[in-house]
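The values are calculated or read from the model by the stated rules, or taken from the named source; none is laboratory data. Since the model is a prediction, treat every value here as computed from it, not as a measurement. These accessible areas exclude ligands, DNA and RNA; they are computed on the full protein's heavy atoms, side chains included. Shrake-Rupley method; radii C 1.70, N 1.55, O 1.52, S 1.80 Å.
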Amino acid sequence: MAPSVPRTRAAAALRMKKIALDNQYCTIRRLRAQLATERRGLAATKKELKDTQVALEASHKVIAGLTEIGLSMSKKIERMKIKKQQVRANHVECHQKFQARIHEAEDSMQAQHLLIEALVDEKDSLLQTIQGLQEANNAPAPFDGDWEEEPEEEPEEEEIEDIPLGEGEIDDE
């Protein structure tokens, strides 16, 4: 029996090694499947990362464009504010000039009114003086305050002869 024991041990060792190799083979297949799954997941993650980077770059471009537009609008708003201030200043200046002209015109009208009143008073005074002198001289009053206007003569219209058509002759000589 002795010779069969080492063969049995050797066969058992070989079976054990075969089982271990089968287990390692299964483990390797399982690890390869996990690796393939991880690679697919990594590829999907890389694709997502690339898509995210593209989207991020696009959003950065949009943000840069919007920032540029915002700065441009800010500059335009500042220019419009300056123009508005200038317009307001010009309006105030024109308003003041017009007010000054209105005051000048009012002052001129008031001065003219006072001058007219003075002339009317002087006219009344002169008329009283004239009437006083006429009364002193027993002369008729040339002015009684009522003015009579002479009727205008209407010019006489000359009658135009009616010339029948076709009877008149044109002389070119």
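From the mean inverse distance of alpha carbon pairs (Kirkwood) and the Cα radius of gyration, derive Rg over Rh for region 69-126.
Rg/Rh: 1.60.
Multiply the residue gap between residue 80 and residue 126 by 0.36 nm, knock off their C-alpha separation, and tell me the result in nm, one decimal place. Mind showing how you got there, number by number?
Values: separation 46, 0.36 × 46 = 16.56 nm, distance 6.64 nm.
Going from the current span to full extension adds 9.9 nm.
To the nearest 10 square angstrom, how much accessible area does residue 57 have with a 1.4 angstrom probe?
Its accessible surface works out to 110 Å², give or take rounding.
Between residue 94 and residue 36, 0.36 nm times their residue separation minus their Cα-Cα distance comes to what? Mind showing how you got there, number by number?
Values: separation 58, 0.36 × 58 = 20.88 nm, distance 8.43 nm.
Length gained, residue 94 through residue 36: 12.4 nm.
Sort 113, 91 from largest to smallest accessible area, using a 1.4 Å probe on the heavy atoms of the protein chains. Could you put the intermediate results ahead of the total?
Numbers: 113 100, 91 120 Å².
From most exposed to least exposed: 91, 113.
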